[in-house]
Amino acid sequence: WDEDYHYGRGAYVTDAGRLTLKAMTVYHNREAGVLAEGIDTEASLIDGTVLDDMQRGAEMNFAVGAIAQAGAQLTIDNAAITNTKGAGVFLIGGASAILDTATIKGNAAAGVAVFDASLSMTRSRLSDTVGDVNVGLGFGLYVDHSKYGPATVEVTGSSFSGNLYGGIYVHGDNGSVSLIGNSISHHAAAQITDHLSMLGYGLLAENVCT
C-alpha cells in the first residue's frame with residue numbers, strides 16, 4: 001500500500017485482462033485482495049487459493065476480498081475468502097461470478113454481496129459473517145435488486161451457517177433469486193440496541209422478490 005494507506009490491492013486486472021491465481025495465498029492487503037474491472041476482464045481463484053485478512057483502505061474506507069465490477073467476470077473454484085474487514089465477494093455493475101466449492105468465512109457485512117450483477121453458486125459454504133463497523137449487517141448472502149438495478153442469483157447445494165443476522169437477505173422485486181437444495185442453519189440472534197434485536201433469520205426477503 002502507499003504511505004497514507006489509501007489502497008494496496010493484492011491484484012488489479014482490467015482492460016480485458018486475464019488473471020488466474022492457483023494455489024496461492026493473498027494476505028493482509030488494503031481495499032481489495034483482487035479487483036476485476038471491465039467487460040471481457042476475467043479473474044479466477046482456483047485450486048486452494050486463499051484471500052485472507054483484507055484491511056480497509058483510507059481513501060474509500062472499505063475492504064473486500066474479491067470485487068468484480070463494470071462487466072468483469074470472477075470465478076472462485078475450490079478457493080477461500082476469509083476474515084476480510086468487509087464483504088468477502090462484491091459484485092456490481094453488470095459483473096458476473098461463478099462460485100463452485102468456495103469457502104467464504106468470517107468476513108464482515110456479507111459473505112457475498114450482489115447488486116446489478118449475476119451470481120451462480122454451487123457446493124459452497126458461507127459462514128460466520130460478522131457485522132461491519134460502518135454498515136452493520138452480517139448476512140451470508142446479500143442481494144439488492146433496488147439500489148442499482150436487478151440481480152440474477154442461482155444457488156444450489158450450498159450451506160449458510162453461523163452468520164450474524166441471517167443466511168440470505170434479498171431486497172427488491174425486479175431481479176430473480178433461485179435457491180435449490182441448500183442448507184441454512186444456526187444464525188445468531190443479535191441485540192442491536194436496548195430496544196432493537198434481530199432474530200437470526202434463515203432467509204429475509206423485503207419488498208417482494210421472485
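Annotations
- Neighbourhood charge, 15 Å Cβ-Cβ cut-off, centred on THR84 and excluding it, Lys, Arg +1 and Asp, Glu -1: 0
- Between the C-alpha center of the stretch 86-128 and that of the stretch 10-68 there is a gap of 13 Å.
- Dipole magnitude of the stretch 1-137, debye to nearest 20 (Cβ charges: Lys/Arg +1, Asp/Glu -1, about Cα centre): 420 debye
- Pairs of Cα atoms farther than 26 Å apart, the chain, %: 27 percent
- Proximal lysines relative to LYS105, as straight alpha-carbon distance under 16 Å, when same-chain residues fewer than 8 apart are discounted: LYS85
- Overall form of the stretch 37-113 per C-alpha gyration tensor (a/c, 1.5; a/b vs b/c): oblate
- Taking the 1.4 Å solvent-accessible surface of the chain as the whole, the part contributed by carbon and sulfur is 50%.
- Heavy atoms of ARG125: accessible area, 1.4 Å probe, square angstrom to 10: 130 Å²
- The distance between label points at THR20 and ASN207 comes to 4.1 nm (points 7 Å beyond Cα on the Cα→Cβ vector).
- Percent of Cα-Cα distances greater than 22 Å, calculated over the stretch 78-165: 17 percent
- Highest to lowest packing among 166-174, 15-23, 113-121, scored as the average C-beta count within 10 Å: 113-121, 166-174, 15-23
- Cα convex hull of the stretch 134-181 - mean projected area over all directions, nm²: 3.7 nm²
- Summary value for the stretch 95-153: 40 percent relative contact order, contacts being C-alpha pairs under 8 angstrom separated by 6+ residues.
- Solvent-accessible area of TYR148 with every protein chain in place, 1.4 Å probe, in Å² to the nearest 10: 130 Å²
The values are calculated or read from the model by the stated rules, or taken from the named source; none is laboratory data. A quick note: this is a predicted structure, and the numbers were derived from the prediction, not measured. As a convention, Cβ positions derive from the backbone with ideal geometry for all residues, glycine included, and neighbour counts pool all protein chains shown. Calculation scope for accessible area: heavy atoms of the full protein, side chains included, ligands and nucleic acids excluded. Shrake-Rupley method; radii C 1.70, N 1.55, O 1.52, S 1.80 Å.
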